[in-house]
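See structure below.
The values are calculated or read from the model by the stated rules, or taken from the named source; none is laboratory data. Here the structure is a predicted model, which means the values were calculated and not measured. Ideal geometry is used to build each Cβ from the backbone, glycine not excepted, and the neighbour counts take in all protein chains shown. Areas reflect the complete protein model, heavy atoms only, side chains present, ligands, DNA and RNA absent. Shrake-Rupley method; radii C 1.70, N 1.55, O 1.52, S 1.80 Å.
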Amino acid sequence: MKILIGCDPEVFVKKDNVFVSAYNLIKGDKKNPTPVNNGAVQVDGMALEFNTTPAETEEEFIYNVTDVFNTLKLMVPEYQIEVVAVADFDPQYMKGLPKEALELGCDPDYNCWNHLPNPRPNGDRPFRTASGHIHIGWKKLGDKD
């Protein structure tokens, strides 16, 4: 069996040492990520997100993460990329952002126990949290790619 690994971390951006929204900084969103070598990039609310092509080895995984992250940094050269768990935003600044930039939650987002939609989190709060996932895939030897 062949094991594959990828990821999709979120990062924030700063301008002049102040957190700013990544909304509209690059092309690509959750429904239409922008392909780059070894993965893709997109805006995710007020954060930037990148994902990597599934890797077969540890070395390939590290290379993919590094390559896509460096590509993302080159796409926003006038901003600093911040890899932090929480970004605090000025509430007045947030009032000037479009509704789409402030939306939180996944689409769709369902409760796994009752299969009902989860309520959307409050997007008016002046902070955002970053997250990401490690993706593990597999296929049996001989399966088509």
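Highlighted here are the helices (runs of 4 or more DSSP H) found entirely within the stretch 43-145 that include at least 3 residues which are within 27 Å of Leu4 (Cα to Cα): 58-75.
Considering each residue of the stretch 1-38, count those that are in a loop (DSSP other than H, G, I, E, B) and open to solvent by 30 Å² or more (accessible area, probe 1.4 Å), and give that number.
Here is the first cut: in the stretch 1-38, the residues in a loop (DSSP other than H, G, I, E, B) are 1, 8-9, 16-17, 21-33, 37-38.
Now narrow it down to the ones that are open to solvent by 30 Å² or more (accessible area, probe 1.4 Å): 1, 9, 16-17, 23-25, 27, 29-33, 37-38.
Adding up the residues that qualify gives 15.
Any residue at all in the stretch 48-55 that's open to solvent by 60 Å² or more (accessible area, probe 1.4 Å) and over 17 Å from the mean Cα position of the chain (by Cα)? Checked against the condition, which is being open to solvent by 60 Å² or more (accessible area, probe 1.4 Å) and over 17 Å from the mean Cα position of the chain (by Cα), the stretch 48-55 yields no hits at all.
Residues in the stretch 50-79 that are under 27 Å from Glu103 (Cβ atoms) and touching a helix residue (DSSP H, G or I) at 6+ places or on another chain (Cβ under 9 Å): Phe50, Asn51, Thr52, Tyr79. Candidates are the residues of the stretch 98-132 that are among the basic types (Lys, Arg) and at pLDDT 85 or above; the one that is most open to solvent (accessible area, probe 1.4 Å) is Lys99.
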